[in-house]
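Before any comments, here is the structure.
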Amino acid sequence: MATIPISSVKVGHIDDVQELRKTQPTIIPQRFVRDKIERPTSLTTVEPSASDIPTINFSKLSSENTDELRTEISQLATACKDWGFFQVVNHGIDLSLLESIEKVAQDFFMLPLAEKQKYPMAPGTIQGGYGQAFVFSEDQKLDWCNTFVLGLEPKFLRCPMLWPTNPEKFSETVEIYSKEVRKLCQNLLKYIAMSLGLEGEIFEKMFGEAVQAIRMNYYPPCSRPDLVLGLSPHSDGSALTVLQQGKNNSVGLQILKDDQWVPVQPIPNALVIIIGDTIEVLTNGIYKSVEHRAVTHKVKDRLSIVTYYAPSLEVEVGPVQELLDENTPCKYRRYNHGEYSEHYITNKLQGKKALEFAKIQSKSLNQGPM
Ligand code: OGA
Ligand code: NI
């Protein structure tokens with residue numbers, strides 16, 4: 001298959017997928033065509049029955065009723081242990097705010113390319129801005145996705161040049177939305193700690209001034225959704241990720257469970273919570289980060305708004321002492337979270353490979369076959 005050279009829309013060597021889509025290519029450029037085993041159709045994709053997907057009712061977690069609280073905490077434990085992700089309903093964030101952030105994100109992606117390129121993401125970095133994240137080489141396969149990223153907290157991560165002035169309400173909305181999502185993350189971490197029998201504040205105390213970033217993804221339709229991926233398989237380098245899926249969009253997010261890709265059917269007004277690598281390390285693997293990816297649709301586009309919440313960069317991360325004993329060896333080493341962040345963002349997304357950084361290899365693995 002030949003690549004269609006559309007030199008005018010190149011971002012470095014990277015085609016802008018929205019512009020590419022406008023040209024209605026009948027042949028997908030080779031850089032987007034996945035090797036056979038990576039294609040969306042290569043592993044069975046199961047259709048989960050609605051009841052399988054864990055749903056957590058946040059209002060019950062903050063309930064005064066101890067029975068209700070206990071039941072919901074135990075459901076939270078199951079969701080984190082067996083799935084590494086769940087959808088949260090009654091999360092307390094105003095629906096009008098969810099609508100506003102979706103609107104400004106959508107409006108931003110609909111701007112002319114030249115306008116969006118005023119906030120360029122340098123290829124090979126994810127410093128923030130518009131473009132394709134996690135691209136490091138010319139032979140790397142590209143995602144069928146446009147991305148806009150902003151570092152939010154602590155404030156020194158903010159790069160004012162990258163904050164769009166158009167749409168007019170963009171920055172203000174991101175600011176308000178992010179405050180609300182931050183509170184949700186803090187609360188969820190408290191309940192996650194409780195679900196492990198730990199003191200509720202343990203993670204918050206440990207995290208210092210937590211890092212928060214927002215990533216907006218726009219997936220245009222693709223004439224050959226069977227050949228491309230919207231987003232490469234990966235686990236998130238965060239502690240928790242909060243993902244909002246656009247209303248009336250196609251189903252695109254999939255999570256890997258028992259070697260099968262499970263599509264996440266959005267529940268209206270719910271938020272998707274994804275366990276990230278940091279929680280896997282802190283819990284010594286009791287709650288594992290979940291590998292996920294996004295697929296595209298032949299005629300429908302899709303938008304997602306993703307918040308990453310992680311410890312402050314100078315924090316030392318390692319399994320919490322309370323979860324270790326003589327029968328439960330420590331499976332992850334201690335490291336500086338800033339170092340992990342750096343490692344994560346300087347490597348292409350490849351399933352859970354980044355987390356190898358933190359794993360202590362067991363003796364049997366080191367010895368290999370006798
Ligand atoms: C991400 C992510 C999935 C989606 O941005 O980290 O996993 O559905 N996104 O957009
Ligand atoms: Ni992700």
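The values are calculated or read from the model by the stated rules, or taken from the named source; none is laboratory data. Everything numeric here is computed off the predicted structure, so don't read it as measured data. Neighbour counts are summed over all protein chains in view; Cβ atoms, including those assigned to glycine, are modelled from backbone coordinates with ideal geometry. Heads up: the accessible areas ignore ligands, DNA and RNA and are worked out on the full protein's heavy atoms, side chains in. Shrake-Rupley method; radii C 1.70, N 1.55, O 1.52, S 1.80 Å.
Sequence neighbours fewer than 8 away in the same chain don't count; with that in mind, list the aspartates and glutamates whose C-alpha is under 15 Å from residue 300.
226
State the percentage of accessible surface on the chain attributable to carbon and sulfur atoms; use a 1.4 Å probe and exclude ligands, DNA and RNA.
Carbon and sulfur atoms account for 53 percent of the accessible area of the chain.
In this model, which of 103/183; 103/348; 118/359 are farther than 32 Å apart at the alpha-carbon?
Too far apart for the 32 Å limit: 118/359.
Over the chain, average the accessible area per residue using a 1.4 Å probe and give it in Å², no decimals.
45 Å²
For the stretch 260-285 and the stretch 141-215, what is the separation of their C-alpha centers, rounded to whole Å?
Value for the Cα centre distance between the two parts: 16 Å.
Select from 25, 310, 234 the residue farthest towards the positive end of the dipole of the chain; place +1 on Cβ of Lys and Arg, -1 on Cβ of Asp and Glu, and compute about the Cα centre.
Positive-end residue among those listed: 25.
Using only helices, what value at 222 nm comes out for the chain when you add -39,500 (n - 2.57) per DSSP H run of length 4 or more and divide by the total residues, to the nearest 500 deg cm²/dmol?
-7500 deg cm²/dmol
Specify whether the C-alpha gyration tensor of the chain places it in the rounded, prolate or oblate class, a ≥ b ≥ c being the square roots of the eigenvalues: rounded for a/c under 1.5, otherwise prolate if a/b is larger than b/c and oblate if not.
Note, shape of the chain comes out prolate.
Most fluctuating residue of 289, 171, 238 in a GNM of the chain with Cα springs under 10 Å: which is it?
171
In debye, nearest 20: dipole of the chain around its Cα centre with unit charges on the Cβ of K, R (+) and D, E (-)?
I would put it at about 1020 debye.
Please compute the length gained on full extension between residue 137 and residue 161, using 0.36 nm multiplied by the number of residues separating them and subtracting their Cα-Cα distance.
Full extension of this stretch gives 6.0 nm more.
Enumerate the calculated ³J(HN,Hα) couplings along the stretch 297-313 in order (Karplus 6.51 cos²θ - 1.76 cosθ + 1.60, θ = phi - 60°), each rounded to whole Hz, writing x wherever the residue is Gly or Pro.
Rounded to whole hertz, the list is 10, 4, 10, 9, 8, 7, 10, 9, 10, 10, 10, 9, 10, 8, x, 4, 5.
Percent relative contact order of the chain, based on C-alpha pairs within less than 8 angstrom and at least six residues apart?
Result for the chain is 19 percent.
What aspartates and glutamates could a cross-link reach from residue 257, if we take a straight Cα to Cα line under 13 Å and drop same-chain neighbours fewer than 8 places away?
Straight-line reach from residue 257, under 13 Å: 47, 52, 82, 291.
Select from 346, 150, 90 the residue farthest towards the positive end of the dipole of the stretch 6-367; place +1 on Cβ of Lys and Arg, -1 on Cβ of Asp and Glu, and compute about the Cα centre.
Of 346, 150, 90, it is 346.
If the reach is capped at under 17 angstrom between alpha carbons, list the aspartates and glutamates near residue 155, excluding any in the same chain fewer than eight residues apart.
Excluding near neighbours in sequence, the set is 172, 175, 180, 209, 314.
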